[in-house]
Amino acid sequence: MDFYTILSEFYDEIFPQSEDSVDFVLQRVDSGATLLDAGCGTGEFVRKLRHKGILARGFDLDESMIHEAERRLVRDPGPSMMEKTGVFQAGNLVDMEQLYPQQSFECISCLGNTLIHIPFNLQFQFLQDAGKKLNKSGILVLQILNYINILDGGMTFPLIETEHCLFRRRYESGPTEGMLYFMTELEVKETGQIFENSIIHYPLMPETLMAALSMSGFAEWNTYGSYKGAGAGADQLPLIVAAGVS
């Protein structure tokens with residue numbers, strides 16, 4: 001079975017959607033705002049926001065994740081007045097214009113370290129596309145890892161153990177400088193099966209991200225080390241950015 005197909009079954013168990021991330025967005029947009037979640041996974045973030053009155057939708061490259069998101073939306077559709085079709089679509093991070101050609105949004109989010117799955121030139125393209133798809137007062141919410149500590153070798157990932165599985169992660173040196181191999185292992189407790197995967201990550205350093213935001217039309221931004229508002233620092237794993245267009 002494909003790694004991401006099996007991962008989609010346990011995704012929300014391994015990575016439960018933080019209520020703090022939902023509150024982080026709700027503090028920055030009005031009720032009824034339109035939001036697009038890039039790299040939405042199984043759609044838990046989108047569903048939680050819909051329950052809070054946000055007109056949220058999402059897209060993800062992995063079709064098994066989108067199928068799971070659609071399946072869960074049927075069970076948990078949110079407020080009755082909200083549109084139920086076309087909430088989730090399959091597509092790459094740089095497919096926004098093709099997927100949503102006539103739409104703009106009050107907020108675009110890209111969480112879960114999703115941005116570093118695509119090469120550096122495409123990361124820049126995503127930021128440019130996001131700037132164009134946002135309304136004049138729109139906001140981009142990004143969450144990646146703070147790679148200052150990771151690249152210095154000062155951080156390792158803890159084991160994630162849930163009721164049904166074990167999930168292990170580590171970084172190894174990539175094929176060229178500036179790239180990393182992201183090695184993952186999912187062990188299903190009931191069967192003892194182990195599924196392994198390796199992909200290339202393209203880590204963004206904070207100063208590079210800020211320069212790219214500036215070149216993509218974002219006029220101001222704030223950085224955080226947690227969704228509760230703690231300041232960003234090299235000793236904190238998350239790097240969260242809230243950026244506004246000019």
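Below are the figures for this structure:
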| item | result |
| --- | --- |
| Gain upon complete extension [I200, A90; 0.36 nm per residue less C-alpha separation] | 37.5 nm |
| Fraction of beta bridges assigned by DSSP in the chain that are antiparallel (%, nearest 5) | 65 |
| Relative contact order, percent, the range 58-183 [alpha-carbon distance under 8 Å, six or more residues apart] | 18 |
| Alpha-carbon centroids, the range 61-139 and the range 153-175: separation in whole Å | 26 |
| Listed residue (A33, G112, Q89) projecting farthest to the positive dipole end of the chain, Cβ model | A33 |
| Cα-centred dipole magnitude for the chain, charges only on beta-carbon of K, R (+1) and D, E (-1), debye, nearest 20 | 740 |
| Mean Cβ neighbour count within 10 Å, used as a protection proxy, ranking 177-184, 124-131, 191-198 highest first | 124-131, 177-184, 191-198 |
| Potential extension, E185-L166 segment - 0.36 nm per residue separation minus Cα distance | 6.0 nm |
| The range 80-219: Cα Rg divided by the 2.2 N^0.38 Å rule of thumb | 1.25 |
| Per-selection Rg to Rh, the range 149-239 - Cα, Kirkwood hydrodynamic radius | 1.06 |
| Percent RCO, i.e. relative contact order, over the chain, from Cα pairs under 8 Å lying at least 6 residues apart | 17 |
| Cα-Cα over 24 Å, subset of K48/K189; K84/K136; K48/K228; K84/K189; K84/K133 | K48/K189; K84/K136; K84/K189 |
| Rh (Kirkwood; distinct C-alpha pairs) - the range 149-201, Å | 12.2 |
| Residue-averaged 222 nm ellipticity for the chain, from DSSP H runs of 4+ at -39500 (n - 2.57), nearest 500 | -8500 deg cm²/dmol |
| Estimated inter-spin distance, F120 and V74, nm [label 7 Å along Cα→Cβ] | 4.5 |
| Added length on full extension, which subtracts the Cα-Cα distance from 0.36 nm per residue, D12 to K132 | 40.1 nm |
| Positive-end residue, the chain charge dipole about Cα centroid, Cβ charges, pick of Q102, Y171, T223 | Q102 |
| Cβ-based charge dipole, the chain, positive-most Cα from P77, I150, I199 | P77 |
| Percent of alpha-carbon pairs separated by more than 24 Å within the chain | 46 |
| Three principal axis lengths of the range 1-140 [C-alpha, angstrom, descending] | 43, 39, 27 |
| Reachable aspartates and glutamates, given that their alpha-carbon falls under 12 Å from the alpha-carbon of K132 and they are not under 8 places away in the same chain | E97, E106 |
| Burial order of peptide ranges 222-233, 39-50, 107-118 (average beta-carbon count within 10 Å, highest first) | 39-50, 107-118, 222-233 |
| Value of relative contact order over the range 149-201, rounded to a whole percent, pairs C-alpha under 8 Å and six or more apart | 26 |
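Just so you know, all these numbers are worked out from the coordinates, no wet-lab data involved. Predicted model only: the values in this text are computed from it and were never measured. Every residue, glycine among them, receives a Cβ derived from its backbone with ideal geometry; neighbour counts consider all protein chains shown.
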